[in-house]
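Structure first, commentary second.
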Amino acid sequence: MEPETVAKLENMSALTKRTKFRVGTRKSQLAMVQTKQVIALLQDLHPDFSFEIIGINTIGDDVLATALAKIGEKSLFTKELEIALQEGIVDFVVHSLKDLPSTLPPGLTIAAILQRENAQDAVVMRPDLSAKSLNDLPAESVIGTSSLRRAAQLKRLYPHLRFKDVRGNLNSRLRKLDEDREYDALILATAGLLRLGWHNRISIILPTNCLHAVGQGALGVEGRENDQQTLDLLRPLIDPPTMKCCVLERAFLKYLSESFRAADTTPIFFDAHVCLQVLFKEGGCSVPCAISTELDCDQIAVQSGVYSLDGSQAVEDEMTVFLTSSGTSLSDSSKESGSEWVSVHPQSVDVNALRAAVQGGIQMGKMLERLGAKEILIEARRQAKIASNISATPRPNKPSEDDVTDTLFA
């Protein structure tokens, strides 16, 4: 090809390159803070680019009168954002990674997983109490959480406490704690508190034997598989150690989810708006299973568990997953399918290491399944159905902006 032709094609390519990007996010304070953090990183890399934030309400933001575990929408805090992404209204979306199911809609992918913040949960005590830990609280003290996972684990460790559902954004939850005194303490995600700069509200960070949700503490940026320019834009944000751990966690959740659905798939409808699937709903904390991963050199230490809703039953196990390195990143292997990596886009991470992470997650799920995880989940679903008092329920009114929920605090 003549040099003049090459130069002409390069100029044409430059003309079609975008420098303006629209970024989708939920409208909550935490979601906005997280999105601005991602944009700041991109702005440092591309000072001449501009980024417009598009705030979007999701089903989870609009349905506040119902406990998270009773809302049957699988993509509770992501569906409307993904529709905007599919329709080209936004170019990419910033999520709390734990909100994203292991299987995304066709054509969408997790383009980047950023370095993880502290993945543990935190206790926020009511300011007027002198208790320094959950053990110090008197019997029948009320602990607020909307997470089945957290409640199930903590009921085993602190049987003298009572756990009550709490909804709303962080400000409204803290108001219920501090002013309304509906609760003696709240259990919230440490990562969200730290990102908002509210370190002073953390009374204690729960120990690592209280396992966290899949993907907790990490941010995931979702894009379109066929939008190569945006994928290239987001690639430098990828943190390989976090991605390897989160791919393993997502493979673990996907295996248990599929195993559970094969045993019990019947949904229950109580009105035209909400399907009470109860369990198994991926994303957020609406599943009573938990995990912890820690990467050290070429191996990941994994702990995981599945719990009954009342905390009386549990199966827990641990293993070490060895990651092998091929020296080839997935950006060099464009034919790899994102579905193989639980909807994480195959770029910038070693091929064999990711495969080992996926297989490790599946193996961890199989280990719990052999110990009786499926039976516990089926029983948990039955208990949830009974407790829910299923009846015709009107669709809740749209909440004020102050009531928009952050699942990172679920």
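Tabulated values for the structure
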item: Flag for residue 197 being on the phi > 0 side of the Ramachandran plot and without any contact (Cβ under 8 Å) to a residue 60 or more places away in the chain; result: yes
item: Considering residues of region 29-53 that are part of a helix (DSSP H, G or I) and over 24 Å from the mean Cα position of the chain (by Cα) only, the residue surrounded by the most Cβ atoms within 10 Å (Cβ to Cβ); result: 43
item: Residue in region 132-153 that is farthest from residue 178 (Cα to Cα), counting only those that are of a type in the set (Ser, Thr, Tyr) and surrounded by fewer than 23 Cβ atoms within 10 Å (Cβ to Cβ); result: 133
item: Test for residue 143: is it in the same structural domain as residue 31 (by the TED database) and in contact with a strand residue (DSSP E or B) (Cβ under 9 Å, 6 or more places away or on another chain); result: no
item: Some residue of region 237-258 being assigned to a loop (DSSP other than H, G, I, E, B) and either over 21 Å from residue 153 (Cα atoms) or under 14 Å from the mean Cα position of the chain (by Cα) (or both); result: yes
item: Any chance residue 201 is assigned by the TED database to the domain that holds residue 345, of a type in the set (Lys, Arg) and out of contact with any Cys (no Cβ under 9 Å at 6 or more places or on another chain); result: no
item: Considering residues of region 154-170 that are more than 18 Å from residue 96 (Cα to Cα) and open to solvent by less than 10 Å² (accessible area, probe 1.4 Å) only, the residue modelled with the lowest pLDDT; result: 166
item: Residues of region 171-214 classified as assigned to a strand (DSSP E or B) and open to solvent by 50 Å² or more (accessible area, probe 1.4 Å), total; result: 2
item: Region 119-141: number of residues that are within 16 Å of residue 189 (Cα to Cα) and of a type in the set (Asp, Glu); result: 1
item: Per-region count, region 88-127, residues more than 21 Å from residue 56 (Cα to Cα) and modelled with pLDDT under 95; result: 2
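The values are calculated or read from the model by the stated rules, or taken from the named source; none is laboratory data. None of these values were measured; they are calculated from a predicted model. Cβ sites come from the backbone with ideal geometry, for glycine too, and all protein chains shown count toward neighbours. Calculation scope for accessible area: heavy atoms of the full protein, side chains included, ligands and nucleic acids excluded. Shrake-Rupley method; radii C 1.70, N 1.55, O 1.52, S 1.80 Å.
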